[in-house]
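Worksheet: the structure to be examined is printed underneath.
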Amino acid sequence: MKIIEIFKSLQGEGRNQGKPAVFIRLAGCNLNCRWCDTPHSHDRGLESDDEEIIRQVGETGCRDVCITGGEPLLQLSDLRTLLSRLSRIGYSIEIETNGTVDFGPVQDNATICMDVKCPSSGEQSNLLLLKKISSGDSVKFVVGNREDCRYAEEIIQQYPIRGEIFFSPVAGSDYHETACYILENNLPVRFQVQLHKIIGVP
């Protein structure tokens, strides 16, 4: 499996925001978002086997694991084996995905955070995957402007989403505008800024 980095931090977004977690960042991505904040994840990464990954995860002392990228599901076959092993030894696992690869095969061992791509990203997610989101999963819209907010609102209206929904403003965008849009339209979402960037942790 190709790994960019494994590190311990506070979860900066999503349902577990503020909780300590160990992040496994997998290499490679099939998108090129305009506001991508982890361009280094597009690199090839270093080959690492399950034993080494589990060893490094264990050394952090965290029981919550977040698997991210890039797009981690591009390494689905290897990832399923790792997830099964981590789950068996008691880790709680979340996968952050851009919503372009079917995540159904990993839902037995992990919760999903599907990042639905909005117009300002220049990319698109597969919206049909939203029907696979369960009540324990979540959906995140990274919004850069009111156009993104309107797009996200339309998606929420068209696709019944069982998991929790987040609006996360692009870093450096107008946070107030996004908050006002949510309030003006009574959207069933949670406004959330990226905590790790505010407090200066990885």
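Each value in this text was obtained by applying a stated rule to the coordinates, not by laboratory testing. Being a predicted model, the structure only gives us computed values, none of them experimental. Please note: Cβ atoms are built from the backbone with ideal geometry, for glycine as well, and neighbour counts cover all protein chains shown.
Our estimate of slack between R85 and D174, defined as 0.36 nm per intervening residue step minus the Cα-Cα distance, is 27.8 nm. Cα axis of helix 76-88 to longest principal axis of the chain: angle in degrees, 0 to 90, nearest 10? Tilt of helix 76-88: around 80 degrees. When both bridge partners sit in the chain, DSSP labels roughly 25% of those beta bridges antiparallel. Could you give the distance between the Cα centres of segment 126-202 and segment 1-67, to the whole Å? Between the Cα centres of segment 126-202 and segment 1-67 lies a distance of 22 Å. Distance between the 7 Å Cα→Cβ label points at L10 and E154: 3.7 nm.
Taken about its Cα centre, segment 120-202 carries a charge dipole of about 320 debye when Lys and Arg each add +1 at the Cβ and Asp and Glu each add -1 at the Cβ.
Charges were assigned to the Cβ only: +1 to each Lys and Arg, -1 to each Asp and Glu. The resulting dipole of segment 10-72 about its Cα centre is roughly 340 debye. The I199 and R146 beta-carbon pair, evaluated with R₀ = 35 Å, returns a calculated FRET efficiency of approximately 0.80. Just going by the charge dipole of segment 88-202, with Lys and Arg at +1 and Asp and Glu at -1 on Cβ, which of N145, N98, G122 is farthest out on the positive end? Of the options given, the answer is N98.
Note on K19 and C36: the model spin-label points, each 7 Å out from Cα along the C-beta direction, lie 2.9 nm apart. For K19, the lysines whose Cα falls under 23 Å of its own Cα, not counting residues fewer than eight places away in the same chain, are K8, K140, K197.
With +1 on each Lys and Arg Cβ and -1 on each Asp and Glu Cβ, how big is the dipole of segment 2-199 about its Cα centre, in debye rounded to the nearest 20? All intermediate terms of the calculation are to be shown ahead of the outcome.
Working: 21 positive and 28 negative charges, 68 e Å.
Around 320 debye, computed over segment 2-199.
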